[in-house]
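Heads up: the structure comes next, in structure tokens.
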Amino acid sequence: MRAVVIREPGGPEVLELRELPSPSPPHGHVRIRTRYVGVNRADLLQRLGAYPAPAGVPRDIPGLEYVGVVDALGEGTRRFQIGERVFGLVAGGAYAEQLVVHEDEVARVPASLSDEDAAAVPEAFVTAYDALVVRGGLQPGERVLVSAAGSGVGTAAVQIARALGCMVIGTSRTASKLERARALGLDVAIEAQDGVFAKAVLAATGGAGVDVVLELVGGRYVAEDVEACASLGRVVLVGLTGGRGCELDLGTVLRKRLTLTGTVLRSRPLHEKIAAARLLERNLVPWLSAGRVRACIDRVFPLAEAAAAHAHVAADATFGKVLLSTGAT
Ligand SMILES: NC(=O)c1ccc[n+]([C@@H]2O[C@H](COP(=O)([O-])OP(=O)(O)OC[C@H]3O[C@@H](n4cnc5c(N)ncnc54)[C@H](OP(=O)(O)O)[C@@H]3O)[C@@H](O)[C@H]2O)c1
């Protein structure tokens with residue numbers, strides 16, 4: 001089978017398509033013939049040598065999500081038949097034509113969802129739902145702020161918050177992305193080229209502020225989030241492309257009784273990854289099937305052009321997800 005391998009830490013050019021042995025599924029695992037796999041920021045960091053894969057995961061093959069069909073069953077498996085269409089999250093190794101996954105981490109793709117659309121779902125939608133609802137305790141009717149609203153996770157978060165009947169405010173440095181996000185349910189769009197948005201959020205909420213922030217940029221955005229929050233607000237840190245540090249007014253955190261929390265999907269233990277797969281099946285698949293939320297795809301590259309896909313994501317010009325196609329049917 002072919003896989004994209006990181007030859008050495010470096011730029012997109014270190015990604016190489018190689019022929020590797022076909023993996024056999026051990027006890028409790030299934031092998032998946034992938035059709036599309038998602039490209040994520042974490043893959044770019046891994047390629048640079050800045051985000052090593054957790055133990056037990058291929059160190060040199062990036063990729064955190066896939067759609068495909070089950071093509072081999074390990075001993076003791078019981079959930080799937082050969083040929084079933086499935087999708088899900090892995091901690092690495094998805095830039096490959098075959099992937100071995102614990103069967104409980106795998107979810108069935110609903111018939112209404114194309115392969116392409118399904119591949120754009122797991123990382124963006126599970127991250128957004130888990131951060132907003134599980135970590136952030138988002139309740140129907142609350143006010144939500146989503147940074148980088150045109151990102152993969154951002155486009156999912158806008159729709160999830162909207163599906164819960166929330167008021168959704170989003171920021172981006174790019175006006176055209178905000179326009180497109182409006183079509184997904186964004187109520188208030190704030191162009192924040194300079195990373196300043198708290199005053200605009202307060203103005204849009206009659207001075208009340210927001211209940212939950214999905215923070216996808218990090219850095220100095222977090223200080224703005226704290227200013228933009230209502231009393232008892234929850235800031236959920238998910239991405240740090242804008243930096244790992246910031247200066248915070250801790251007095252505001254105390255006075256508003258805020259919760260500042262963070263989350264990461266990749267390094268979770270198996271039982272939490274299984275829980276994430278059930279969340280995908282139980283909470284998101286029904287919404288996807290009913291058309292209440294939908295996948296947003298920016299562009300699809302062939303697996304052999306993974307380097308071009310990485311360069312495209314790094315340019316910050318994407319709206320929604322970038323995918324790689326393995327060409328398998
Ligand atoms: N914790 C987790 O488990 C988890 C899971 C998935 C993703 N993430 C993180 O969540 C973030 C979003 O992921 P994604 O895949 O949805 O990203 P994406 O689709 O690649 O979009 C990221 C967008 O963020 C904006 N951006 C990038 N750098 C910025 C900066 N320095 N200041 C302000 N805006 C900036 C850009 O849009 P504009 O400038 O046009 O607004 C860019 O297009 C990433 O940091 C990613 O690593 C974390």
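The values are calculated or read from the model by the stated rules, or taken from the named source; none is laboratory data. If you're wondering where the values come from, they're calculated on a predicted model, not measured in any experiment. Glycine also receives a Cβ, built like all others from the backbone with ideal geometry; neighbour counts cover every protein chain displayed.
Scan segment 1-57 for residues that are of a type outside the set (A, V, I, L, M, F, W, C) and more than 19 Å from the chain's Cα centre (by Cα) and report the count. So the count comes out to 24. Restricted to segment 246-329, the set of helices (runs of 4 or more DSSP H) holding at least 2 residues that are crowded, with 16+ Cβ neighbours inside 10 Å and aliphatic (A, V, I, L, M) comprises 270-279, 285-289, 306-314. For the residues D117, D130, D104, the requirement of being over 16 Å from A275 (Cβ atoms) and in contact (Cβ under 8 Å) with a residue 12 or more places away in the chain singles out D117. Contact map, segment 200-212: first residue assigned by TED's automatic domain parsing to the domain that holds V235 and touching a residue at least 60 places away in the same chain (Cβ under 8 Å), second residue basic (K, R) and part of a strand (DSSP E or B), Cβ cut-off under 6 Å, separation 6 or more or different chains; pairs are T205/R143; V210/R143; D211/R143; V212/R234.
Evaluating A277 against the criteria (1) touching a helix residue (DSSP H, G or I) at 6+ places or on another chain (Cβ under 8 Å); (2) over 21 Å from E105 (Cβ atoms) leaves one unmet condition, (2).
Please specify each residue of segment 133-188 satisfying the condition of being assigned to a strand (DSSP E or B) and within 11 Å of the ligand (Cβ to nearest atom). Residues satisfying the conditions are V146, G170, T171, S172. Among the residues of segment 284-329, how many are under 20 Å from L186 (Cα atoms), touching a helix residue (DSSP H, G or I) at 6+ places or on another chain (Cβ under 7 Å) and within 14 Å of the ligand (Cβ to nearest atom)? Qualifying residue count, segment 284-329: 7. Just for segment 71-120: of the residues that are surrounded by fewer than 23 Cβ atoms within 10 Å (Cβ to Cβ) and hydroxyl-bearing (S, T, Y), which one is nearest to the chain's Cα centre (by Cα)? Filtering segment 71-120 for residues that are surrounded by fewer than 23 Cβ atoms within 10 Å (Cβ to Cβ) and hydroxyl-bearing (S, T, Y), the one nearest to the chain's Cα centre (by Cα) comes out as S114.
Reported count of residues in segment 83-132, each being among the polar types (S, T, N, Q), within 19 Å of V238 (Cα to Cα) and in a loop (DSSP other than H, G, I, E, B), is 0. Of all residues in segment 40-71, those that are in contact with a His (Cβ under 8 Å, 6 or more places away or on another chain) and either under 17 Å from V238 (Cα atoms) or not assigned by TED's automatic domain parsing to the domain that holds G88 (or both) total 2. Residue count for segment 29-56 under the criterion of being modelled with pLDDT under 95, aliphatic (A, V, I, L, M) and more than 15 Å from the ligand (Cβ to nearest atom): the result is 1. Residues that are over 18 Å from R85 (Cα atoms) and among the small types (G, A, S) within segment 278-329 comprise A290, G291, A304, A306, A307, A308, A309, A311, A314, A315, A317, G320, listed in sequence order.
Of the residues making up segment 192-221, those that are outside any strand (DSSP E or B) and within 12 Å of the ligand (Cβ to nearest atom) are A192, Q193, D194, G195, V196, F197, L216, V217, G218, G219, R220, Y221.
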